[in-house]
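*Asks:* Can you read through this structure? Questions will come right after.
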Amino acid sequence: MDSEKLQEVAFEIILSSGDARTLVHESFQHMRDGKFAAAQQKLEDANESLIRAHRAQTGLLQEYAGGEKIEMEIIMVHAQDHLMTTMTLQEVAAEMLVLYQRQAASN
């Protein structure tokens, strides 16, 4: 795989995971405001963005598994870090939504 193609994949991962991260932070704001349905919707939207990022990553892995030589570049390291951090943030946000809902129900 040439450098240009690798960079395209990396930027797709960064863009999609960045969109997801923004949506997760919007979800946090809705949680704080007690708007749980809106918070849930933002998390679902974030998941769709993460799926796009994951598809780009999976395509790269499939090419590698098929014997394609891939030279690792720093932009791909950054993209992978961005994706994994956002995935973790989304998982934490989903748990926080449950806690916010329980707190609201007990008041």
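*Asks:* ³J(HN,Hα) across the range 92-107 via Karplus (A = 6.51, B = -1.76, C = 1.60, θ = phi - 60°), whole Hz, x for Gly/Pro?
*Replies:* Using θ = phi - 60°, the values come out as 5, 4, 4, 5, 5, 4, 4, 5, 4, 5, 4, 4, 5, 5, 7, 8 Hz.
*Asks:* Write down the Kirkwood hydrodynamic radius of the chain, to one decimal in angstroms, obtained as one divided by the mean of 1/r over all alpha carbon pairs.
*Replies:* Final number for the Kirkwood radius of the chain is 14.8 Å.
*Asks:* Moving on. Based on the alpha-carbon set only, what is the convex hull volume of the range 1-64 divided per residue, in Å³?
*Replies:* Per residue, the Cα convex hull of the range 1-64 comes to 52 Å³.
*Asks:* Let me ask you something else. Which order do the peptides 28-34, 53-59, 10-16 take when ranked by the mean count of other beta-carbon atoms within 10 Å per residue, highest first?
*Replies:* Working: 28-34: 15.1, 53-59: 16.7, 10-16: 20.3.
So the order, starting with the most tightly packed, is 10-16, 53-59, 28-34.
*Asks:* Express in whole angstrom the spacing between the alpha-carbon centres of the range 1-46 and the range 85-106.
*Replies:* First find each Cα centre; the distance between them is then 16 Å.
*Asks:* Sticking with this structure for a sec: Could you look at the chain and say what percent of its accessible area is carbon and sulfur, using a 1.4 Å probe and all protein chains?
*Replies:* Taking all protein chains in place, the chain shows 55 percent carbon and sulfur surface.
*Asks:* Moving on to the next point. If contacts are Cα pairs under 8 angstrom and at least 6 residues apart, what is the relative contact order of the range 1-53 in percent?
*Replies:* Numbers: 42 pairs, mean separation 23.6, N = 53.
Across the range 1-53, relative contact order equals 44 percent.
The values are calculated or read from the model by the stated rules, or taken from the named source; none is laboratory data. What you are looking at is a predicted structure, and each value in this text was computed from that prediction instead of being measured. All Cβ positions, even for glycine, are placed from backbone atoms using ideal geometry, and neighbour counts span all protein chains on display. Surface areas here come from the heavy atoms of the whole protein model, side chains and all, with no ligands, DNA or RNA. Shrake-Rupley method; radii C 1.70, N 1.55, O 1.52, S 1.80 Å.
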